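Following: one structure in structure tokens, then a few remarks.
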Amino acid sequence: MQTNLKRKQQADYWATQTDQEDTGFESLQLDFIQLAPGHFHPMSELYQSWMELFQKDPHSELDQHPDHVLRISPLLQEEHAFARGHLLFCRKGNKPVAAAVLLPKLFNTKTLRGIGPARQIGGYFLSGHRFLMSEDYQHDQAFHNFLLGASVSFCGHNAGRFLLLEDILINEPLNQSLKHLSKHFLSYSHTGFQPRSLIQFPEHPVDYWNQFRSKSRRKHRKLLRDNSELQLIRVTRPDQVAEFLEAAHQISLNTWQTQRLGLRIKNSDKELEEMMFLAINDSLRSYLLVDKDQPIAFKIGSQHRGTFNDLEFGFDLNYASVSPGETLLLLILEDLIESNTPRTFDFGTGDAEYKQRYSTEITQSHSVLLFPSTWRNKCLISYLKSSCWIDQTSRKVLKSSGVYTALRQMSRYRKLGSR
């Protein structure tokens, strides 16, 4: 699947034409429209069509909501001057049938597990991890393939080298599209497939605890008794956001995530905007664990369309000995069961023993970068895959000797067994 991309008269408007393969979608008009405020004021046809698709798609994510995207796009532009965000908009006649949000993304080759000097590569990511679609196309795999192929081609022609698909579940249509497009585009996954832990709450949510053995339930109760002086604060309202974000930032300065991956919560304008949007739309559900007046752990979460999404978590390493992370999780689970119980608790990306222990279902997900098939991109992917092989081989050697586990514990908790 190859596409020709042609600019319209406006400098910030792109149209696509397919060639070399009969896609079956020749009757559709597909445009990529720059996320400029002038195109998307609330009374404009584009804004109304976008909102219609968002509201009618039962799988839409808040990251695809036009108000959120139009507020966050200028903030991203300050960080990523190489490219501007675009809306993919697909019509059949005058009827909107699909849309997608493509936002700029910078990757460090170190993050992609490259060895040697770090370099920045720029591209786009698909916000919300999916396409918005009308009901007629929801289960049309060929249409998913068509949209994804056009999006990758657009990224390659518009100051970006890749399209990032973040956190794609193994059973989602986009993952099936990756197999179809493998002969047309290059792909690289720096995560590989990882276990994805979920809690599916039963019809009577309190029955969730019945999956644990009596010994485990006694251990849970003892941990909560031992930490009974700790207070859980639920954060859902706009007037709570600024104070919560400052507390999460202070905790994040001394977490193992920050030590290994860099500062996670920066208390930035972008983070404030994202959390305020969630709160205004009744979808913010975050938590703070406090020892007297001292915040010691946090979880940033959202609840939308029956799913609680675990977005970010951290605890102050100075309190590691009292197991603040597990205490916080137990208190959150109790709160979720007692009030406005979601259907699903999604632990998000990354594997951890505690996620598997508390989950009721484990699936798989991965993140993938798609590149147009050029000589330059082939060289980049060859380098990244070689680096990844060297990294994996080294880890296997260290794990077999026990050194890897010891180093990991020390990096997280500063001393072995501190948790």
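The values are calculated or read from the model by the stated rules, or taken from the named source; none is laboratory data. Not measured: the values here are computed from a predicted model. Methodologically, a virtual Cβ is constructed for each residue, glycine included, from the backbone with ideal geometry; neighbour enumeration extends over all protein chains shown. In case anyone asks, the SASA skips ligands and DNA or RNA and just uses the protein heavy atoms, side chains included. Shrake-Rupley method; radii C 1.70, N 1.55, O 1.52, S 1.80 Å.
Here the chain exposes an accessible surface that is 49 percent carbon and sulfur, computed with a 1.4 Å probe and the other protein chains kept in place.
Scaled against the 2.2 N^0.38 Å expected of a compact globular protein of N residues, the Cα radius of gyration of segment 157-255 reads 1.73. State whether segment 294-357 is rounded, prolate or oblate according to the following rule on the C-alpha gyration tensor (a ≥ b ≥ c being the square roots of its eigenvalues): a/c under 1.5 gives rounded; otherwise a/b larger than b/c gives prolate, and the remaining case gives oblate. Verdict is prolate for segment 294-357. Between His59 and Lys222, the simple label model (points 7 Å from Cα in the Cβ direction) yields a spacing of 4.5 nm.
Loop-resident trypsin sites (Lys or Arg not before Pro) (DSSP state other than H, G, I, E or B) in segment 132-196 with no more than 11 further Cβ atoms inside 10 Å of their Cβ: Lys183.
Counting only Cα atoms, the size of the chain along its three principal axes is 67, 51, 38 Å, in decreasing order. Average accessible surface for segment 122-261: 48 Å² per residue, computed with a 1.4 Å probe over protein heavy atoms with every protein chain in place.
Which is the longest stretch in the chain that no exposed loop site breaks, taking sites as GluC sites (Glu not before Pro) with a DSSP loop state and at most 14 other Cβ atoms within 10 Å? Kindly include the intermediate steps, with their values, before the conclusion.
Working: sites that count: Glu21, Glu26, Glu203, Glu229.
With GluC sites (Glu not before Pro) excluded where exposed in loops, the chain gives 230-419 as its longest stretch.
Within segment 187-223, list the residues whose amide N lies under 13 Å from a label point set 7 Å along Cα→Cβ of Thr111. Those under the cut-off are 190-191.
Screening the chain for DSSP H helices whose Cα atoms reach 30 Å or more along their own axis and whose mean Kyte hydropathy is at least -1.0 gives 375-401. In whole angstrom, note down how far apart the Cα centers of segment 93-155 and segment 302-355 are. Measuring centre to centre over Cα atoms gives 29 Å. In the full protein context, segment 298-359 carries 35 Å² of accessible surface per residue, based on a 1.4 Å probe and ignoring ligands, DNA and RNA. Considering only Gln176, Pro195, Leu336, whose Cα is most displaced toward the positive end of the charge dipole of the chain, charges sitting on Cβ of Lys, Arg (+1) and Asp, Glu (-1)? Ranked along the dipole, the leading option is Pro195. Summary of the geometry: segment 44-66 and segment 178-234, compared by the centres of their Cα atoms, lie 29 Å apart. Fully extending the segment from Glu338 to Ala36 would add 104.4 nm, taking 0.36 nm per residue of separation and subtracting the current Cα-Cα distance.
In this simple spin-label model, placing a label point 7 Å from the Cα along the Cα-to-Cβ direction at both Phe212 and Glu52 gives a separation of 4.9 nm. Between Leu75 and Ser400, the contour length at 0.36 nm per residue exceeds the alpha carbon distance by 112.5 nm. Taking label positions 7 Å along the Cα-Cβ direction at both Gln200 and Arg237, the computed distance is 3.7 nm, reported to one decimal.
Extension gain, Glu135 to Trp375: 0.36 nm times the residue separation minus the Cα-Cα distance gives 82.5 nm.
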